[in-house]
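The values are calculated or read from the model by the stated rules, or taken from the named source; none is laboratory data. A quick note: this is a predicted structure, and the numbers were derived from the prediction, not measured. Positions of Cβ are generated from backbone atoms using ideal geometry, with glycine treated the same way; all protein chains shown enter the neighbour counts. Just the protein is used for accessible areas: all its heavy atoms, side chains included, with ligands, DNA and RNA removed. Shrake-Rupley method; radii C 1.70, N 1.55, O 1.52, S 1.80 Å.
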Amino acid sequence: MLKSTRLGARAEYMANYVLSHLGFTVPVPRQEDNGIDFFCALSEETETRVFSGTPYVVQCKSGETRNIEYGGKTKLGDWKSNEINFLFKLKSPLILAHVLVPEEKVLFYPLAICRFVKKEFPSCSKIVIEYLVEEGGSEHHQYDINNTKAIKNWNDAGGDGRVYKIKLQRPLLSVPISKLKDLPFIDQVKRILEVYIRMEHRNIIQDELSWPTFYWPSKYSTNNEEITYKWIHYTDNPELTNPDRILEDNGQLLNALAISYRLHNRIEEFDSLNVILKNLPDGHKFEELRSKFDLY
């Protein structure tokens, strides 16, 4: 069999080998492949045990391709809305791994910037994510999600009929096979990954809580722990934000904060927050706390 016909399989073997040095990794069988190639978790080690740490998922790419596409049309002309839904509804942090087989190296890219499209253009028809394989970086990167154009011959197949292009920065991490036995290097890679993955877990939770905000890595260099994370309030459109829903979904958090203010005798802050808590629906108020902490 020609080597070129097995490049994708060899790349996945290499990615699996590299990922296994960062923690636990489970390859997804090809029959179950829906955009995820590996379920992973960073490992936490003690002198006698290895524990499963922060979970994430990986999509693996290789070869000359320097982009990923979600959405668009099938050969039959049907809109591939399932790919957009996969990206927007995923409840696990997604990382792109590009495998350079000849160089025996795996590059890792953060995909949090897809949230710019998700938040502002949730009915998009197609997303194209372009990336570089050259290492480096450090400059602040502004993601221009207005770089969009109409899809030719779309004919109302679904969505808004437009394609959105996202240009990634350089890889967040570059892990050559030759350095897998370098424990300080592997520990550094795991620390960088953990910070990013936990940030994405936070973004996922904020989605569930209807928060109109998210974080993304704005400035970084490959394999450098000095990363600038920024957050953004993604819209000033009142139709896309619902203060009553945000208050309701975050009632427990606000109650806990109010009680903490009260316990620390920070009465002015407690009183200010209590004014807001009075707007909570009755089903979200804690009656047993009403008299004890003068809530509501």
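Place +1 on the Cβ of every Lys and Arg and -1 on the Cβ of every Asp and Glu in the chain, take the dipole about the Cα centre, and give the residue among 56, 210, 291 whose Cα lies farthest towards its positive end.
Highest projection toward the positive end goes to 56.
How many percent of the accessible area of the chain is carbon or sulfur, using a 1.4 Å probe? Before the final figure, lay out the partial values.
Values: 8270 of 16670 Å².
Carbon and sulfur together cover 50 percent of it.
Show which lysines lie in cross-link reach of residue 80 when reach means a straight Cα distance below 21 angstrom and same-chain residues fewer than eight apart are skipped.
Output for residue 80: 61, 89, 91, 118, 119, 126, 149, 152, 165.
Packing-wise, with mean Cβ within 10 Å as the measure, how do 75-88, 212-225 rank, highest first?
Numbers: 75-88: 14.6, 212-225: 18.1.
Going from most to least packed, we get 212-225, 75-88.
Relative to the compact globular guide of 2.2 N^0.38 Å, what is the alpha carbon radius of gyration of segment 62-183, as a ratio? Walk me through the numbers before you get to the answer.
Values: Rg = 16.2 Å, N = 122, 2.2 N^0.38 = 13.7 Å.
Relative to the 2.2 N^0.38 Å estimate, segment 62-183 comes out at 1.19.
Please list 251-258, 235-242 highest first by mean number of surrounding beta-carbon atoms within 10 Å per residue. Could you put the intermediate results ahead of the total?
On the way: 251-258: 15.5, 235-242: 10.5.
Output ranking for 251-258, 235-242: 251-258, 235-242.
Considering every Cα-Cα pair within segment 146-232, what fraction, in whole percent, is farther apart than 18 Å? Let's see the in-between values first.
Numbers: 2326 of 3741 pairs.
Tail of P(r) above 18 Å: 62 percent of Cα pairs.
At 1.4 Å probe radius, can you tell me the per residue accessible area of the chain in Å²?
On the way: 16670 Å² over 296 residues.
Value for the chain: 56 Å² per residue.
Please give the solvent-accessible surface of residue 249 in Å², to the nearest 10, using a probe radius of 1.4 Å with every protein chain present.
Per-residue accessible area (residue 249): approximately 50 Å².
Just to confirm the filter: which GluC sites (Glu not before Pro) across segment 4-79 are DSSP coil and have at most 12 other Cβ within 10 angstrom of their Cβ? Before the final figure, lay out the partial values.
Numbers: sites: 12, 32, 44, 45, 47, 64, 69; in loops: 47, 64.
Here the GluC sites (Glu not before Pro) that fit, given the DSSP loop and packing criteria, are 47, 64.
How many angstrom lie between the Cα centre of segment 179-215 and the Cα centre of segment 253-288?
Segment 179-215 and segment 253-288 have Cα centres spaced 31 Å from each other.
Tell me the label-point distance for the pair residue 78, residue 296, using the 7 Å Cα-to-Cβ offset, in nm and rounded to one decimal.
4.9
Write down the Kirkwood hydrodynamic radius of the chain, to one decimal in angstroms, obtained as one divided by the mean of 1/r over all alpha carbon pairs. Working shown, then result.
Numbers: mean 1/r = 0.0460 Å⁻¹.
One over the average 1/r among Cα pairs gives 21.7 Å for the chain.
Picking from 125, 92, 272, which is most flexible by a Gaussian network model of the chain using Cα springs under 10 Å?
Highest fluctuation among the options: 272.
Shape of segment 1-129 from its Cα gyration tensor (a ≥ b ≥ c, root eigenvalues): rounded if a/c is under 1.5, otherwise prolate when a/b > b/c, or oblate?
Values: a/c = 2.15, a/b = 1.32, b/c = 1.63.
Taking the square roots of the gyration eigenvalues as a ≥ b ≥ c, segment 1-129 is oblate.
Distance between the C-alpha centers of segment 64-79 and segment 216-233? Whole Å please.
29
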